[in-house]
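Notes for the one structure printed next.
The values are calculated or read from the model by the stated rules, or taken from the named source; none is laboratory data. This is a predicted model, so every value here is computed, not measured. FYI the Cβ positions are ideal-geometry reconstructions off the backbone, even for glycines, and counts take in every protein chain you see. The area values use the complete protein model at the heavy-atom level, side chains included, leaving out ligands, DNA and RNA. Shrake-Rupley method; radii C 1.70, N 1.55, O 1.52, S 1.80 Å.
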Amino acid sequence: MATKSLLARKNKLSEPKEQLRFLSNGIFADGKLPSFTEKLKVSQQFPLNPNSIEILQINVGYMCNQVCAHCHVDAGPDRKEIMTRETMLQCLDVIKNTKAHTLDLTGGAPEMNPNFRWFVEEASKIGVNDFIVRSNLTILRSNPKYYDLPEFFKKHNIHVVSSMPHYTQDMTDRQRGSGVFKLSIKALEELNAVGYGKEGSGLQLDLVYNPTGAFLPADQKALENDFKKALKRDFNIEFNNLFVITNLPISRFLEYLIASDNYEDYMYALVEAFNPAAVANVMCKNTISVSWDGYLYDCDFNQMLDLKVASKVQHISAYNEKVLQNRAIITSQHCYGCTAGAGSSCQGSLPNPSEGGAT
Amino acid sequence: MANNYYDSSDLKKFGEITEWSEELGKKFFEYYGKVFEEGALSAREKSLIALAVSHVVHCPYCIDAYTKDGLQRGITKEEMMEAVHVGAAIQSGATLVHGVQMMNKHKKLSM
Ligand code: SF4
Ligand code: SF4
């Protein structure tokens with residue numbers, strides 16, 4: 001497993017343009033598979049337009065303590081893109097005035113931003129209905145300076161959303177790095193200890209599952225039952241919901257698909273699983289994604305592909321919900337990952353936003 | 001036409017059997033789909049049974065399909081291998097139990 005980002009390895013795929021080119025060539029250029037646009041046209045859903053903005057998702061930086069093999073952010077310890085306090089102040093201005101009910105902090109490991117705690121405190125003073133932090137779990141145990149974060153989250157009534165690709169060590173460590181499973185379990189124990197995931201505590205702890213290889217996830221409810229049973233039985237761990245998401249063919253997951261000779265089969269599987277009904281619930285319909293340097297995107301994936309919103313307003317400093325509303329969402333073949341099967345960011349069938357963050 | 005008997009891309013064309021016999025094809029796929037739904041057995045248990053049987057009937061398409069299906073359902077590789085052993089044990093038992101027939105015949109013909 002790689003221990004450095006694509007960027008640090010100077011891999012061609014660290015270039016968003018290279019990824020987009022790849023996703024439009026081959027099977028999509030020679031007509032073997034329809035492009036995402038063609039597919040949307042057939043079901044009369046092109047162009048894709050947003051509904052009102054309900055979720056503001058802020059990526060506070062690409063630095064991470066892990067280098068997961070599937071990471072769509074290409075995050076890692078070597079990434080230096082970190083949101084500054086100035087940009088955070090601009091975000092706070094927007095949070096004060098937005099109608100969005102959910103604030104969703106992601107990364108990288110958002111906790112590694114030196115202004116993370118300050119930002120959470122300030123944002124929670126404003127009052128956010130649902131305040132999500134996407135924590136990769138291991139960060140909470142990586143250094144004593146993070147050990148009190150479960151208490152800190154509790155104090156600010158943070159809704160913790162964490163990745164857990166499997167309830168066994170083998171499958172988790174192969175995706176996220178050796179030792180990750182044990183540390184994650186320890187972190188979950190600490191979160192449980194302050195009340196997270198416990199019935200009646202009001203402290204929400206959700207897990208996010210994404211497949212540990214070139215296959216699509218199965219039924220969310222069945223997996224949630226298996227996770228709940230196994231984590232309770234083996235570690236006495238409890239959590240609220242399991243969200244099942246599909247890996248999008250971008251960044252390091254795209255690198256893996258190509259290197260393991262799974263790319264074509266995976267794209268066939270995604271296209272075959274295209275569900276026109278899932279289009280209405282893709283996360284870009286009600287989310288704006290903000291990058292570490294304040295630019296605006298339809299979603300965290302488009303952020304990584306450097307596809308800024310198709311709007312006059314492209315930066316948080318000029319944020320204007322009305323203007324942003326009137327845009328077409330930028331799509332490409334990676335979007336097939338959001339519309340496969342039940343859809344993987346469907347707030348329609350899910351009570352909570354389930355996707356978009358890495359970590 | 002490919003110059004070998006099995007081609008993994010043929011699995012994608014499985015649905016085409018309906019084109020040459022619509023009613024039977026449709027009925028088969030309907031039945032097949034129904035069999036694998038959650039029932040008295042969970043879809044997860046059915047997936048493991050299918051994997052074991054795939055090995056016993058030596059179907060490479062089914063082995064590919066149910067390995068992937070198992071992964072999608074979060075089934076571990078240990079569970080999958082144990083299922084294959086169940087299939088293998090039954091198959092070898094079925095061979096060996098015929099040894100009794102051999103013994104019977106041997107005894108009958110021998111002085
Ligand atoms: S990747 Fe998903 S969320 Fe992003 S623009 Fe495409 S469909 Fe929308
Ligand atoms: S998937 Fe999450 S935890 Fe893993 S490298 Fe990416 S940002 Fe870090």
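Scanning the range A:95-122 for residues that are touching a residue at least 24 places away in the same chain (Cβ under 8 Å) and either touching an Asp or Glu at 6+ places or on another chain (Cβ under 9 Å) or assigned to a strand (DSSP E or B) (or both) yields a total of 12. Within the range B:34-91, the set of residues being aromatic (Phe, Trp, Tyr) and within 23 Å of residue A:244 (Cα to Cα) comprises B:36, B:66. The number of residues in the range A:85-118 being of a type in the set (Ser, Thr, Tyr) and more than 13 Å from residue A:316 (Cα to Cα) comes to 2.
Residue count for the range B:72-105, restricted to those that are part of a helix (DSSP H, G or I), open to solvent by less than 50 Å² (accessible area, probe 1.4 Å) and within 14 Å of another protein chain (Cβ to nearest Cβ): 2. Elements of the type helices (runs of 4 or more DSSP H) sitting completely within the range A:126-242 and holding at least 2 residues that are open to solvent by 50 Å² or more (accessible area, probe 1.4 Å) and modelled with pLDDT of 95 or more: these cover A:149-155, A:180-193, A:220-235. Residues in the range A:313-330 that are open to solvent by 30 Å² or more (accessible area, probe 1.4 Å) and either in contact (Cβ under 8 Å) with a residue 12 or more places away in the chain or in a loop (DSSP other than H, G, I, E, B) (or both): A:314, A:315, A:317, A:319, A:320, A:321, A:323, A:325, A:326, A:328, A:330. Can you say whether residue A:24 is touching a helix residue (DSSP H, G or I) at 6+ places or on another chain (Cβ under 7 Å), of a type outside the set (Val, Ile, Thr) and open to solvent by 30 Å² or more (accessible area, probe 1.4 Å), as far as the supplied structure shows? Yes: the conditions hold for residue A:24. Only residues that are in contact with a Lys or Arg (Cβ under 9 Å, 6 or more places away or on another chain) and of a type outside the set (D, E, K, R) were counted across the range A:173-190, and they come to 3. If the condition is being over 12 Å from residue A:33 (Cβ atoms) and open to solvent by 10 Å² or more (accessible area, probe 1.4 Å), then the range A:267-281 contributes A:273, A:275, A:276, A:277, A:280, A:281. If the condition is being over 20 Å from residue A:140 (Cα atoms) and either acidic (Asp, Glu) or away from ligand 1 (no atom under 16 Å from the Cβ) (or both), then the range A:70-79 contributes only A:74. If you check A:112, A:88, A:164 for being among the hydrophobic types (A, V, I, L, M, F, W, C) and in contact with a Cys (Cβ under 9 Å, 6 or more places away or on another chain), only one passes: A:112. Of all residues in the range B:3-44, those satisfying the criterion of being assigned to a loop (DSSP other than H, G, I, E, B), surrounded by 10 or more Cβ atoms within 10 Å (Cβ to Cβ) and either away from every other protein chain (no Cβ under 14 Å) or hydroxyl-bearing (Ser, Thr, Tyr) (or both) are B:6, B:21, B:42. Among the residues of the range A:300-333, those identified as within 16 Å of ligand 2 (Cβ to nearest atom) and of a type outside the set (S, T, N, Q) are A:300, A:301, A:304, A:305.
Note on the range A:43-83: among residues that are free of Cβ contacts under 8 Å to residues at least 24 places away in the same chain and more than 10 Å from ligand 2 (Cβ to nearest atom), the one that is most open to solvent (accessible area, probe 1.4 Å) is A:44.
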